[in-house]
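Worksheet for the structure shown next.
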Amino acid sequence: MAGDTTPGRVLVVDDSLTWRSFVIDALAGAGHLAVAAESGEVALAALADRTAPPPDLVLLDVVMPGLGGAETCRLIRQDPLLEGLPILFVTGDRERETILECFAAGGDDYVIKDDDAEVILARVGAQLRRRQLETDLAEKNRELERSNRELDRYAHVIAHDLRSPLTRVRDLLSRLHDALGASRAEEAGRLLDAASGSAERMTELLGDLLAYARVGGRPEQPREVDTAVLVGIVETNLAHEIEHTAARVRRGALPTVQGQPALLVQLFQNLVENALKYRSERPPEIEVGANRADGAWQFEVRDNGIGVEPRHANRIFDVFERVDATDRLPGSGIGLAIARKIVETHGGRIWLDTPGPSPGATFRFTLPVVERVEGP
């Protein structure tokens, strides 16, 4: 038999004792365990018996007295516990209509009754290998999900456990700073300021790591949201920074999208905050707009800040990546990584436009269009 096939448990459903005996002998010779059923009704009863191990494959005769092969197959496909079970129809008819009926009923393949044993075993082996690959992939996916959940849990535990002593350190440094007052030595003051700054930066980093870990962890129920309203919330959240930098935020026509509102607010806020942080000597000018392109909404957040060199256009979306002049400015380097994770969670993509004639940076990202079904 072609390929390496792990021996499987095969349910042979056929009203012909002669053919059942022939194929069971062939399967046994190849190392498989064959179980016989002389009708569709007997096969369904055997499959419904949860005390016995389920088969890895079913060989199912098309024409049988009582419940035929096609109807038996349809009933098997209705059982959620048998999802993905390979079904090979057995037919003595090479007619096109019969073969198409087999596939329409939910069959994976078929064998002809006058095929020799080698051909039948090759088709059985191919389906068993496919089934094993699907089973292995499903298990790896479950392991990956478990690993991600554990990683998310550890990230939260570590971040929360570190935040508490950090908060205490900041409090003690502040009280010591006040206690020294104007009489403190210059060197002691410098060290205190450095320690306070380090604690502050670590607190910010932990907050950003928690935000990154939360994206996709416990998703909200997606719903239709007006992105103009979301940007308005961002302007309210950043009102102090906007006023402090004398920034202007202009909104174009913004659409309604399907998504998780809290994450989308964070997406817009991270991009607007980025524009405020990496500003030039001039007051920030920030424009938020959108248009339809290639079947999606394409948003842009444009600013007149210090910009980013084209060679760094992809790196800036990686966690902890900070480049060129941005290294001299505060921040953890996680904000744009969070933005990318949010966009990808919503099925879109995000990128930085290479600089054009205007200074600054333009971030673009896509979100799916809300498809509306018109009533009669």
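Would you mind calculating the gained length between VAL42 and ALA28 on full extension (0.36 nm times residue separation, minus the Cα-Cα distance), in nm to one decimal?
Values: separation 14, 0.36 × 14 = 5.04 nm, distance 2.13 nm.
Going from the current span to full extension adds 2.9 nm.
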Problem set entry | the stretch 58-118 versus the stretch 276-309: alpha-carbon centroid distance in Å | 58
Exercise. How much length is gained on full extension from ARG175 to ARG251, taking 0.36 nm per residue of separation minus their Cα-Cα distance?
Worked result: 22.9 nm
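Quick one: PHE299, PHE317, PHE103, PHE363, fewest Cβ neighbours within 10 Å first, how do they rank? Kindly include the intermediate steps, with their values, before the conclusion.
Values: PHE299 26, PHE317 19, PHE103 12, PHE363 22.
Arranged by neighbour count, lowest to highest, PHE299, PHE317, PHE103, PHE363 become PHE103, PHE317, PHE363, PHE299.
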Problem set entry | Those residues of the stretch 77-118 whose amide nitrogen sits under 20 Å from the label point placed on ARG50, 7 Å along Cα→Cβ | 77-85
Problem set entry | Which of THR345, THR18, THR91 has the fewest Cβ neighbours within 10 Å, and the rest in rising order | THR18, THR345, THR91
For this session: Starting from the Cα of LYS277, draw a straight line to each of the lysines and keep only those under 26 Å, dropping any in the same chain fewer than 8 residues away.
Result: LYS341
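Rank these for me by crowding, HIS240, HIS32, going from fewest to most other beta carbons within 10 Å. Could you put the intermediate results ahead of the total?
Numbers: HIS240 8, HIS32 22.
With the fewest neighbours first, HIS240, HIS32 line up as HIS240, HIS32.
Each value in this text was obtained by applying a stated rule to the coordinates, not by laboratory testing. The model shown is predicted, which means the values in this text are computed figures rather than measured ones. Here the Cβ is made from the backbone with ideal geometry for all residues, glycine too, and neighbour counts use every protein chain on show.
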